[in-house]
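Read through the structure below, which is laid out as structure tokens, and then see the notes.
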Amino acid sequence: MLGQQDAQALSRIKDLAAIEGVRENQLVGYGLVTGLNGTGDTLNNCPMTKQSLQAMMERLGVNTRQANMRTANVAAVMVTANLVAFATQGTRLDVTVSAMCDSKSLQGATLLATPLLGADGEVYAVAQGSLAISGFSAEGDAAKITRGVPTVGRIANGALIEREVDFRLNHLQNLRLSLRNPDLTTARRIAAAINDFLGADSAEPTDPSTVSVQVPRNFQGNMIRLLTEVEQLRVEPDQRARVVVDERSGIIVMGKDVKVSQVAVAQGNLTVTITEQPEVSQPEPFSRGQTVVVPRTGVRVETDDKKKLAIVKDSVSLRELVDGLNALGVGPRDLISILQAIKSAGALQADIEVM
């Protein structure tokens, strides 16, 4: 039972699953930033910036349709934000501002009022404020330096929420928990823990990623009380044996359930060195010969005789597997190839995922 398991192996349901419907919503908007020190968009190359600037000036009562605009202090940007769950009208959000055209830097920019739309096309927030960027760019006639990304900035609390997402958590009759790492065993253990707490068969896993909970009568109308109790319950999560490989950086991560059947492993290095030392052949004086270049190629083959054949025992643990491969002098790059070869031989009882 759960009470007899090692407490360090147990995790809260709060960390294993999320409540269906309690989630963030992504917002996006298009706007203009001003106040750039000559690092804005080139209006001739970015017609959308010019059109947006003219439309904004007309809304403010200034007609610029016939004017030859050459300002370099304005840039078109995309504004993104995440609308957190249960955010109320009048609260604020952080926004990220990214240049769209040929602006060189957004340093010193001020974002003008920009509506932020949800996936349904409705306006949920309005963003405005001064940008803070982490990168910079400086250049002269013969040199240029850029650090970070000067065309992306952030405005802390830069958006004001105008519309709330209607979701009445307290009126739900059926609760659904979505597992962050879908697994049949973990879903069954979560349902069992909830049933033990409630004293009834109210929870049932419907698939590897979902646990459905029927709200008991004594908790109806008080979902917050039920959730605060359920999310603190502890279960032991299960996972399939997996080896994750990142070939670009040579990082290998193996789960604790990775097992290897008995197999013999040998690892050696073969080095082939080819050297070219061309020589010039000169004819004798007053002869009819010609000066030619004679190729001289040297080929040398080296093998590492210190690498021996080793036997990995049946059903070894993760620690024993790592110790055995380290004893062969295997580096991360060679270990990737060895694990893939062991998997091809059918001796690795785990999935290999290459990132």
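The values are calculated or read from the model by the stated rules, or taken from the named source; none is laboratory data. This one's a predicted model, so the numbers in the text were calculated from it and none came from an experiment. Backbone-built Cβ (ideal geometry, glycine too); neighbour counts: all protein chains shown. Surface accessibility is based on the protein's heavy atoms, side chains included, excluding ligands, DNA and RNA. Shrake-Rupley method; radii C 1.70, N 1.55, O 1.52, S 1.80 Å.
Things to note:
- With respect to (1) outside any strand (DSSP E or B); (2) in contact with a strand residue (DSSP E or B) (Cβ under 9 Å, 6 or more places away or on another chain), the lone exception for residue 158 is condition (1).
- Residue 109 falls short of the stated requirement of being surrounded by 12 or more Cβ atoms within 10 Å (Cβ to Cβ), under 17 Å from residue 24 (Cβ atoms) and hydrophobic (A, V, I, L, M, F, W, C).
- Flag if residue 54 is among the polar types (S, T, N, Q), part of a helix (DSSP H, G or I) and modelled with pLDDT under 85: no
- Any hit, the range 259-266, residues being under 24 Å from residue 333 (Cβ atoms) and exposed (fewer than 15 other Cβ atoms within 10 Å of the Cβ): yes
- Long-range neighbours under 7 Å by Cβ, at least six apart or interchain, first residue within 24 Å of residue 80 (Cα to Cα) within the range 7-33, second among the aromatic types (Phe, Trp, Tyr) and assigned to a strand (DSSP E or B): 27/124
- In the range 160-173, the residues that are farther than 11 Å from residue 215 by Cβ reach residues that are hydroxyl-bearing (Ser, Thr, Tyr) and part of a strand (DSSP E or B) with C-beta atoms within less than 6 angstrom, at least six apart or across chains, in these pairs: 163/124.
- The conditions of being part of a helix (DSSP H, G or I), touching a residue at least 24 places away in the same chain (Cβ under 8 Å) and open to solvent by 20 Å² or more (accessible area, probe 1.4 Å) are not met by residue 80.
- When residues in the range 14-45 are screened for being surrounded by 14 or more Cβ atoms within 10 Å (Cβ to Cβ), within 30 Å of residue 235 (Cα to Cα) and among the acidic types (Asp, Glu), 1 of them pass.
- Selection status of residue 70, loosely packed, with under 14 Cβ neighbours inside 10 Å and either basic (Lys, Arg) or part of a loop (DSSP other than H, G, I, E, B) (or both): yes
- Considering the range 207-246, and only residues there that are without any contact (Cβ under 8 Å) to a residue 12 or more places away in the chain and of a type in the set (Lys, Arg), the residue that is farthest from residue 17 (Cα to Cα) turns out to be 217.
- Counted residues, the range 153-176 - those being surrounded by fewer than 11 Cβ atoms within 10 Å (Cβ to Cβ) and either under 17 Å from residue 89 (Cα atoms) or among the aromatic types (Phe, Trp, Tyr) (or both): 2
- Complete set of residues in the range 182-233 that are in a helix (DSSP H, G or I) and open to solvent by 60 Å² or more (accessible area, probe 1.4 Å): 184, 188, 189, 196, 197, 217, 218, 224, 225, 228, 229
- Qualifying positions in the range 93-104 - crowded, with 17+ Cβ neighbours inside 10 Å and either modelled with pLDDT of 90 or more or within 23 Å of residue 57 (Cα to Cα) (or both): 93, 95, 96, 97, 99, 101, 103
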